[in-house]
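Structure first, then comments.
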Amino acid sequence: MSVSARCRAVAPLVALAMAGCATVAGAASTPTVSVVHLLRSRIGLVKQHDGGVPVLLPTTMPLGSPDYTASSASRGSYRLEIDGAEPCNGANVCLYALFTGVRGGRRHGSAVELAHGIHGSVAGIQCGAACSPASIDWIERGVLYTIEANPSIESQPNVSAKAFDKIFVDAANQAIDAGPR
């Protein structure tokens, strides 16, 4: 089975597992949530252990109705999650959004122009044995920032790839414009 066929086969399972929940790709009808409000208590926790990596987050994103947040940090990195279940640990079936900052690293995906002349990269769903969420990343002050969100465009056939990319570009620009939290 080809990679795209596997992706098409997995996407309905992701959509089914999240039945009743709005999705990132359906932004027009998806409730917008305050990312900063949802992660407020987690931001303080990661800042204690991230080795000085500034936390950049969008103010809002169309994410439906998440139920759970998670975080981790180590010297030089942080990870903040918005999930539909506990514990999710980044699994596609329950991940709404993931925000990371890591010292070093490099961008991947198609080039996009972001706020303040920063160059970023946007990547749609990536499939192999399993599918990973769509993402946007950029490097600022030596830190690779990444926003991933799920489910992907593959489970929302009525949303154009260009409109889906705009959701990610808007989120990255919000994070850049807001600066460290």
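Run down SER65, SER72, SER135 and say which single residue is within 15 Å of ALA172 (Cα to Cα), among the hydroxyl-bearing types (Ser, Thr, Tyr) and either within 16 Å of the chain's Cα centre (by Cα) or not in a strand (DSSP E or B) (or both).
SER135
Looking at segment 160-172 only, could you name the residues that are modelled with pLDDT under 95 and in a helix (DSSP H, G or I)?
ALA161, LYS162, ALA163, PHE164, ASP165, LYS166, ILE167, PHE168, listed by residue number.
Of all residues in segment 60-86, count the ones that are among the hydroxyl-bearing types (Ser, Thr, Tyr), under 21 Å from PRO31 (Cβ atoms) and in contact with a strand residue (DSSP E or B) (Cβ under 7 Å, 6 or more places away or on another chain).
Going through segment 60-86 one residue at a time, the tally reaches 3.
Does segment 105-115 contain any residue that is within 24 Å of ALA70 (Cα to Cα) and modelled with pLDDT under 85?
Taking every residue of segment 105-115 in turn, none turns out to be within 24 Å of ALA70 (Cα to Cα) and modelled with pLDDT under 85.
Of the residues PRO157, PRO180, PRO151, PRO133, which is in contact with a Leu (Cβ under 7 Å, 6 or more places away or on another chain) and modelled with pLDDT under 90?
On inspection, the qualifying residue turns out to be PRO133.
For segment 83-101, which residues satisfy the criterion of being assigned to a strand (DSSP E or B) and over 25 Å from ARG141 (Cα atoms)?
Of everything in segment 83-101, those that are assigned to a strand (DSSP E or B) and over 25 Å from ARG141 (Cα atoms) turn out to be ASP83, LEU95, TYR96.
Yes or no: segment 34-52 includes at least one residue that is touching a Lys or Arg at 6+ places or on another chain (Cβ under 8 Å), within 30 Å of GLY128 (Cα to Cα) and not hydroxyl-bearing (Ser, Thr, Tyr).
no
Counting just the residues of segment 83-130 that are hydrophobic (A, V, I, L, M, F, W, C) and touching a Leu at 6+ places or on another chain (Cβ under 9 Å), which one comes out nearest to HIS49 (Cα to Cα)?
Within segment 83-130, the match that is nearest to HIS49 (Cα to Cα) is VAL102.
Here are VAL36, VAL14: which of them is modelled with pLDDT of 90 or more and not in a strand (DSSP E or B)?
Going through VAL36, VAL14 in turn, just one is modelled with pLDDT of 90 or more and not in a strand (DSSP E or B): VAL36.
Could you grab me the full set of residues in segment 68-86 that are in contact with a Cys (Cβ under 9 Å, 6 or more places away or on another chain) and farther than 22 Å from GLY179 by Cβ?
Those that are in contact with a Cys (Cβ under 9 Å, 6 or more places away or on another chain) and farther than 22 Å from GLY179 by Cβ: TYR68, ALA70, ASP83, GLY84, ALA85, GLU86.
Looking at segment 102-121 only, could you name the residues that are assigned to a strand (DSSP E or B), over 26 Å from ARG75 (Cα atoms) and either among the small types (Gly, Ala, Ser) or within 17 Å of the chain's Cα centre (by Cα) (or both)?
Listed by number, the residues that qualify are SER110, ALA111, VAL112.
Six or more apart or on different chains, Cβ under 8 Å: which pairs go from a residue in segment 75-97 that's on the phi > 0 side of the Ramachandran plot to one that's not β-branched (Val, Ile, Thr)? Could you list them?
Close Cβ pairs (under 8 Å, with a partner that is not β-branched (Val, Ile, Thr)) amount to GLY76/ASP50; GLY76/GLY51; GLY76/ARG103; GLY76/GLY104; ASN89/ALA70; GLY90/GLU81; GLY90/LEU98.
Would you confirm, using the coordinates I've provided, whether ALA111 is under 17 Å from ASP170 (Cα atoms), out of contact with any Pro (no Cβ under 8 Å at 6 or more places or on another chain) and surrounded by fewer than 17 Cβ atoms within 10 Å (Cβ to Cβ)?
For ALA111, the condition - under 17 Å from ASP170 (Cα atoms), out of contact with any Pro (no Cβ under 8 Å at 6 or more places or on another chain) and surrounded by fewer than 17 Cβ atoms within 10 Å (Cβ to Cβ) - is met.
The values are calculated or read from the model by the stated rules, or taken from the named source; none is laboratory data. From a predicted model like this one, the values you see are computed outputs, not experimental measurements. Heads up, the Cβs are rebuilt from the backbone with ideal geometry, glycines too, and the neighbour counts pull from every protein chain shown.
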